[in-house]
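K.L.:
I have a structure I would like to understand better, so I am pasting it below and will then ask my questions one at a time.
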Amino acid sequence: MNRRLEADGRDMNVYVQVNTSGEQSKFGLHPDDALDFIERLEAFPRLKPQGLMTLAVFSDDADRVRPCFTLLRRLRDQAQRLHPQMTELSMGMSGDYELAIREGATMVRVGQAIFGPRPTPDAHYWPGVAE
């Protein structure tokens with residue numbers, strides 16, 4: 001990506017995805033690896049990390065969801081000490097965006113709340129939204 005962006009004379013703002021739920025079905029870096037990865041991004045100057053993103057555990061139990069968001073906020077705060085541009089937290093979806101906002105989200109993804117349930121085999125991941 002960096003080579004292509006260099007050839008095009010462009011930069012790209014990016015978010016680093018962290019698997020805060022520990023679920024194998026989710027993508028992203030292990031939380032213990034996130035800060036080192038962000039440091040290594042400096043070798044790719046066209047990629048401009050702006051923040052972190054995560055998908056919390058899919059549950060309507062706030063006590064299970066909140067730790068995913070709290071962990072990401074802590075990691076962002078640590079990263080921001082070294083990289084002041086790392087201000088953003090992309091976390092929260094239609095079923096848990098209010099909790100994500102309370103935990104510091106600056107970006108939420110609420111497509112199902114706007115457009116309705118997705119007709120996909122994984123629709124069960126959105127409790128209370130995709131019936």
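Since every read-out is calculated from the coordinates, none of them should be taken as a lab result. Just so we're clear, the structure is a prediction, and the values are computed from it rather than from any experiment. When we count neighbours, we look across all protein chains shown, and the Cβ atoms used for this are built from the backbone with ideal geometry, even at glycine.
K.L.:
Summing +1 for each Lys or Arg and -1 for each Asp or Glu, what net charge is found among the other residues whose Cβ lies under 15 Å from the Cβ of residue 44? Mind dumping the intermediate values first?
P.N.:
Details: positive: 3, 4, 10, 40, 46, 48; negative: 6, 8, 11, 36, 39, 42.
Overall, the nearby charge balance is 0.
K.L.:
Once phi is turned into ³J(HN,Hα) by the Karplus curve 6.51 cos²θ - 1.76 cosθ + 1.60 with θ = phi - 60°, what whole-Hz value does each residue of segment 99-110 show in order, with x for glycine and proline?
P.N.:
Residue by residue, segment 99-110 yields 5, 4, 5, 4, 8, x, 4, 10, 9, 10, 10, 10 Hz.
K.L.:
How much length, in nm to one decimal, is gained on full extension between residue 48 and residue 62, taken as 0.36 nm per residue of separation minus their Cα-Cα distance? Mind showing how you got there, number by number?
P.N.:
Numbers: separation 14, 0.36 × 14 = 5.04 nm, distance 3.23 nm.
Result for the pair: 1.8 nm of gain on full extension.
K.L.:
So, one more: Which order results if 87, 54 are arranged by neighbouring Cβ count within 10 Å, fewest first? The partial results should precede the final answer.
P.N.:
Values: 87 12, 54 27.
So the residues, fewest neighbours to most, are 87, 54.
K.L.:
Quantify how much of the Cα-Cα distance distribution of the chain extends past 26 Å, in percent.
P.N.:
Values: 2345 of 8515 pairs.
Everything past 26 Å amounts to 28 percent.
K.L.:
Mind checking the angle between helix 31-40 and the chain's longest principal axis? C-alpha axes, 0 to 90 degrees, to the nearest 10.
P.N.:
30 degrees
K.L.:
Now for a separate question. Find how much the distance from residue 81 to residue 98 grows on full extension, using 0.36 nm per residue of separation minus their present alpha carbon separation; answer in nm with one decimal. Can you show the working numbers first?
P.N.:
Numbers: separation 17, 0.36 × 17 = 6.12 nm, distance 2.65 nm.
Working it through step by step, the gained length comes to 3.5 nm.
K.L.:
Right, here's the next one. With unit charges on the beta carbons (Lys and Arg positive, Asp and Glu negative) and the dipole taken about the Cα centre of the chain, which residue among 58, 87, 108 sits farthest to the positive side?
P.N.:
Going by the Cα projections, it comes out as 87.
K.L.:
What ranking of 77, 63, 96 emerges when the number of other C-beta atoms within 10 Å of each C-beta is taken as an exposure proxy, fewest first? List each step's numbers first, then the result.
P.N.:
Values: 77 12, 63 7, 96 29.
With the fewest neighbours first, 77, 63, 96 line up as 63, 77, 96.
K.L.:
Go through segment 5-20 residue by residue and turn each phi into a ³J(HN,Hα) via Karplus (6.51, -1.76, 1.60, θ = phi - 60°); whole Hz please, and just put x for glycine and proline.
P.N.:
After applying 6.51 cos²θ - 1.76 cosθ + 1.60, I find 4, 4, 4, 8, x, 10, 10, 9, 6, 9, 10, 9, 8, 10, 8, 7 Hz.
K.L.:
If contacts are Cα pairs under 8 angstrom and at least 6 residues apart, what is the relative contact order of the chain in percent? Don't skip to the answer; put the middle values down first.
P.N.:
On the way: 220 pairs, mean separation 26.1, N = 131.
For the chain, the relative contact order is 20 percent.
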